[in-house]
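Enquirer: Structure incoming, see below.
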Amino acid sequence: MDRPIQPPAWLLPRWPLAARVALIAVALMSAALLTVKLIAGSGDRTLRMPRAQLTITAVGQGVFRDLIPLNASIVPRETVYLDAIDGGRVERLLVEAGDVVEAGQPLIELSNTNLALQVIQQESQLNQALSQLQQNEIALEQNQLANDRAQVDIEYHLRRLQRASERRASLARSGMLAAEQRDEVNDELAYYRRLEPIQRESGRRQSALRERLMPDIHRQVQILRGNLTVVHGKLDSLVIRAPVAGRVTALDLKVGESRAAGQRLAEVTPDAGMKLIADIDEFYLARVRVGQTATIDIDGQPIRLSVRRVSPQVRNGQFRIDLDFEDGSPATLVAGSAAQGRLRLGGDTPAVVLPNGPFMERTGGQWIFVVAPDGRTAQRRQINIGRRTIEQLEIVAGLAAGDHVITSDYTGLDRADRIVLTP
């Protein structure tokens, strides 16, 4: 006889409805998560790029050479500029560019009618002021002389009247002279005795005033005479003279043209040799110091220089340095020509080094793509770069010798975390 077979309790049809619904929901969610994981991989932002379009470079253990390139210009070590002080019309050109001149030699003659009239007017005013000061000095001297003469006159009358008073007193006692005549002499003597201290005090005050005013008058006279010299010098400045001995390196003038005050007229270069000026990237501003050495090649020979001045002012992302030749500038140098060389910022030291590449423009040396050992992928990694030159980077952290990294341009790779390298 057949008998019914009971299905096991774990079979789905025997579960309660609510349990079966919950199990189906869990299965659907798991399938969805698995699908997302299969599509997104590990969650990294991944790009696929042909390997041939990328530059892959090995990180190595080597020597970091702390050198930066120099693109310098050869210029005279000293240059003296000649500018128009008051301006004027060019009357004569006494030299030409390239001529060798001596200190004080006339170079250019200018004319300025308005300046000549101003000089005449100022000279007249200064002469009037000078004449007034001299008159004041003469008046003080005359007053001093008058006081001295009055003092002498009073002293004379006192002596004369004193003797007359003594004689008339004796005659009056003997009855040979009237009392009125005696009293007249005594009254006059008393008058001069009262006048003498007044005149003495007046002379003292006059002397004190003279001593106080005379130095000021003399000083003002000297100032006015100096001003006269300056006024006369304005006309002399219309003749432009060489301030130093040297060579006229610039003189672009024509007879008859006018130049305003302050405009450049000429340049004179003394025979002080040459120097180099170079513009350096502002990244190295904190590391360039006076006294550091550099080398350039001239006629196939290395020439040593040293940094003489570092300008802290940054323009267009660069700052300027001046370099002097350690053994004197070569005679074959020509002002205005270019020179290439290297500036040494420090000594050669062992380090983990990486050749510099275009990737630095995008990353700033903060991260890089490191190629996996199988060469199929490259992963983004944070790194720390120390010193750097145009050729080398010093790796402080994040990379080790033997690693392979992508050093080509990272345009479009800023947001990628992983690159799949395709054949």
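The values are calculated or read from the model by the stated rules, or taken from the named source; none is laboratory data. Please read these numbers as outputs of a predicted model, since none were measured by experiment. Here the Cβ positions follow ideal geometry from the backbone for every residue, glycine too, while neighbour counts run over all protein chains shown. Keep in mind that these areas ignore ligands, DNA and RNA; they rest on the heavy atoms of the full protein, side chains included. Shrake-Rupley method; radii C 1.70, N 1.55, O 1.52, S 1.80 Å.
Enquirer: Taking residue 318 as meeting all but one of (1) of a type outside the set (Lys, Arg); (2) open to solvent by 20 Å² or more (accessible area, probe 1.4 Å); (3) touching a Phe, Trp or Tyr at 6+ places or on another chain (Cβ under 7 Å); (4) touching a residue at least 24 places away in the same chain (Cβ under 8 Å), write down the number of the exception.
Expert: With (1) of a type outside the set (Lys, Arg); (2) open to solvent by 20 Å² or more (accessible area, probe 1.4 Å); (3) touching a Phe, Trp or Tyr at 6+ places or on another chain (Cβ under 7 Å); (4) touching a residue at least 24 places away in the same chain (Cβ under 8 Å) applied to residue 318, the lone miss is (3).
Enquirer: Of the residues 194, 182, 204, 200, which single one is under 60 Å from the mean Cα position of the chain (by Cα), among the charged types (D, E, K, R) and open to solvent by 30 Å² or more (accessible area, probe 1.4 Å)?
Expert: That would be 204, the only listed residue that is under 60 Å from the mean Cα position of the chain (by Cα), among the charged types (D, E, K, R) and open to solvent by 30 Å² or more (accessible area, probe 1.4 Å).
Enquirer: Looking at the range 117-136, is at least one residue hydrophobic (A, V, I, L, M, F, W, C), open to solvent by less than 40 Å² (accessible area, probe 1.4 Å), over 15 Å from residue 221 (Cβ atoms) and within 40 Å of the chain's Cα centre (by Cα)?
Expert: Checked the range 117-136: at least one residue is hydrophobic (A, V, I, L, M, F, W, C), open to solvent by less than 40 Å² (accessible area, probe 1.4 Å), over 15 Å from residue 221 (Cβ atoms) and within 40 Å of the chain's Cα centre (by Cα).
Enquirer: Strands (runs of 3 or more DSSP E) wholly in the range 42-136 with at least 2 residues that are touching a His at 6+ places or on another chain (Cβ under 7 Å) - which ones?
Expert: Those strands (runs of 3 or more DSSP E) span 56-58.
Enquirer: Looking only at the range 346-357, which residues are open to solvent by less than 40 Å² (accessible area, probe 1.4 Å) and modelled with pLDDT of 85 or more?
Expert: Hits for the range 346-357 are 351, 352, 353, 354, 357.
Enquirer: Further question: Scanning for something open to solvent by less than 40 Å² (accessible area, probe 1.4 Å) and within 16 Å of residue 68 (Cα to Cα), does the range 325-334 turn up at least one residue?
Expert: No; the residues of the range 325-334 include none that is open to solvent by less than 40 Å² (accessible area, probe 1.4 Å) and within 16 Å of residue 68 (Cα to Cα).
Enquirer: Only one of (1) within 33 Å of the chain's Cα centre (by Cα); (2) aliphatic (A, V, I, L, M); (3) over 30 Å from residue 74 (Cβ atoms) is not met by residue 378, so which one is it?
Expert: So the condition that residue 378 fails would be (1).
Enquirer: For the range 249-259, check the following and say yes or no: at least one residue is modelled with pLDDT under 85 and closer than 15 Å to residue 115 by Cβ.
Expert: Taking every residue of the range 249-259 in turn, none turns out to be modelled with pLDDT under 85 and closer than 15 Å to residue 115 by Cβ.
Enquirer: Still on this structure, please answer the following. When you scan the range 372-423, how many residues do you find that are in contact with a strand residue (DSSP E or B) (Cβ under 8 Å, 6 or more places away or on another chain), of a type in the set (Asp, Glu) and under 19 Å from residue 47 (Cβ atoms)?
Expert: Final tally of qualifying residues: 1.
Enquirer: Also: Of everything in the range 160-189, what is acidic (Asp, Glu) and in contact with a helix residue (DSSP H, G or I) (Cβ under 8 Å, 6 or more places away or on another chain)? Give them in sequence order.
Expert: Once the filter is applied, which keeps residues that are acidic (Asp, Glu) and in contact with a helix residue (DSSP H, G or I) (Cβ under 8 Å, 6 or more places away or on another chain), the range 160-189 yields only 188.
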